Amino acid sequence: MSNDIRRIAINTGGGDAPGLNAVIQAAVCAADARGWEIVGIREGYDGLLFPQNYRDGGLMKLVPDDVEDIARLGGTILGTTNRGNPFRVVETAADGSTKEVDRSLELIESFRSHGIDALIAVGGDGSLGIAQGLCEKGLRLVGVPKTIDNDLDATVLTFGYNSAVSFATECIDRLHVTAQAHRRVIVVEVMGRYAGWIALNAGIAGGADAILIPEIPYDLTKVAEHLKRRSAAGRNYSIVVVAEGAFPKGGEVTVKSREIGRAEVLGGVGERVATELKRLTGCDSRAVVLGHLLRGGSPTALDRVLGLVFGTAAVKALAEGQNGVMVAVNPPRIDYVPIKDAIARMKNVPLDGEAHMTARSLGIALGD
Ligand code: F6P
């Protein structure tokens, strides 16, 4: 089956995550070792859908020399987009009106016309959903799971997550001292969409006093009581970590913006929580949003290795004739799971899991 592959492509879609370049480096080396050509598609599928926008025509020919040592770099040398769904390309007419157009068949034809036999699609749930759709229409591909949110089912870990948790922890460490110096409550908002993995684990590692995650709708009067008890015991500062997707009991997530052709953008819950805690505790409160800082910077050693392992495994999967699968970590093994199963449901923090129970046992308030 592998003999019919001569040229493959790799792309990165959705929000960037530390470790993407490691996947690219490993995939290029593994493809080259098999005698395959490999090209990188610029910015998701845009390099093929809008080649006129790129000086190199939207495709980047990659050889091992081009990617030497990029595993240590954050971002992605290919660029990425979270507006790049070929099934729903937004087109703007002369009068300013917009409509969504399905360009998926044209895209698949473009793979064929460029002599690309298969694709390695690196992305989170949205990008892998697109990959699954293209696969069902005849594009041969293997997926690689990426997201700092760690919310993809069927893999124990996604790369980017460890880097995000490590950096969030370092930030929380720094915030302890300034919160203490000013006797403040500092609310730290972290990314994670509708899953609380980053908040919970960075909060535990950074010694937070309260952690609010989407899996546990919060009641701020409970959090305020906890902070007041701390104050009464002489600890007159507190750190509260809140996931961007956390929401009050009976309330809604805080949405920053909604736009046609992309997922809703979350953000602002930190400010909401800080304002309310100030009212309830009387303590001076501040909100800090870590946001995209969690996606920037160099990947941790773990994320570099995970990215390199995934990139190598994706090429191996194509060589073995696999199609429509995603590489996944299932320690100590790397598995291949059908993409459609991997995206069928989101991986939330289990409330009977060790991290959650550890947080409770440490006396951290979880807002319930
Ligand atoms: O899914 C990754 C992620 O970083 C989320 O944690 C966050 O909600 C979202 O992407 C932000 O995306 P954008 O790049 O549009 O700000």
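The values are calculated or read from the model by the stated rules, or taken from the named source; none is laboratory data. None of the values given here were measured: they were computed from a predicted structure. Cβ sites come from the backbone with ideal geometry, for glycine too, and all protein chains shown count toward neighbours.
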(message) Looking at the stretch 181-189, can you tell me whether even one residue there is closer than 19 Å to L306 by Cα and within 15 Å of the ligand (Cβ to nearest atom)?
(response) no
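Yes/no per residue for (1) outside the structural domain of F247 (by TED's automatic domain parsing); (2) out of contact with any Phe, Trp or Tyr (no Cβ under 8 Å at 6 or more places or on another chain):
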site: R262; (1), (2): no, yes
site: L266; (1), (2): no, yes
site: R272; (1), (2): no, yes
site: T275; (1), (2): no, yes
site: V288; (1), (2): no, yes
site: A317; (1), (2): yes, no
site: K340; (1), (2): yes, yes
site: A344; (1), (2): yes, yes
site: D368; (1), (2): yes, no
(message) Against the definition (at pLDDT 95 or above, over 30 Å from E215 (Cβ atoms) and in contact with a strand residue (DSSP E or B) (Cβ under 9 Å, 6 or more places away or on another chain)), how does G143 come out, yes or no?
(response) no
(message) Exactly one condition in (1) touching a residue at least 40 places away in the same chain (Cβ under 8 Å); (2) more than 14 Å from the ligand (Cβ to nearest atom); (3) β-branched (V, I, T); (4) not in a loop (DSSP other than H, G, I, E, B) is false for V242; which is it?
(response) (2)
(message) Within the stretch 255-289, take every residue that is among the acidic types (D, E) and at pLDDT 95 or above and give me the one that is farthest from the ligand (Cβ to nearest atom).
(response) D284
(message) Take residues that are without any contact (Cβ under 8 Å) to a residue 12 or more places away in the chain and tell me which of the helices (runs of 4 or more DSSP H) falling wholly in the stretch 46-150 contain 2 or more.
(response) 104-113
(message) Could you tell me how many of the residues in the stretch 93-106 are β-branched (V, I, T) and within 19 Å of L48 (Cα to Cα)?
(response) 1
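Each row is one residue, and each column tells you yes or no for (1) under 22 Å from the mean Cα position of the chain (by Cα); (2) of a type in the set (D, E); (3) within 16 Å of the ligand (Cβ to nearest atom).
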| position | (1), (2), (3) |
| --- | --- |
| D46 | yes, yes, yes |
| G57 | no, no, no |
| K61 | no, no, no |
| G75 | yes, no, yes |
(request) Kindly provide the set of residues from the stretch 75-130 that are closer than 22 Å to D16 by Cα and surrounded by fewer than 21 Cβ atoms within 10 Å (Cβ to Cβ), ordered by number. (result) G75, I77, G79, T81, N82, R83, F87, R88, V90, G126, G129
(request) Return yes or no: is A232 away from the ligand (no atom under 16 Å from the Cβ) and more than 29 Å from L134 (Cβ to Cβ)? (result) yes
(request) Return yes or no: is R140 surrounded by fewer than 18 Cβ atoms within 10 Å (Cβ to Cβ) and charged (D, E, K, R)? (result) no
(message) Among the residues of the stretch 290-315, what is the count of those that are surrounded by fewer than 17 Cβ atoms within 10 Å (Cβ to Cβ) and either within 16 Å of the ligand (Cβ to nearest atom) or of a type in the set (D, E, K, R) (or both)?
(response) 5
(request) State whether one or more residues within the stretch 219-227 are in contact with a strand residue (DSSP E or B) (Cβ under 8 Å, 6 or more places away or on another chain), surrounded by fewer than 22 Cβ atoms within 10 Å (Cβ to Cβ) and part of a strand (DSSP E or B). (result) no
(message) Out of the residues in the stretch 30-45 meeting the condition of being touching a residue at least 40 places away in the same chain (Cβ under 8 Å) and in a helix (DSSP H, G or I), tell me which one is farthest from S113 (Cα to Cα).
(response) A30
(request) Filter the stretch 151-178 down to residues that are outside any loop (DSSP other than H, G, I, E, B), of a type in the set (G, A, S) and within 15 Å of the ligand (Cβ to nearest atom), then give me how many there are. (result) 3
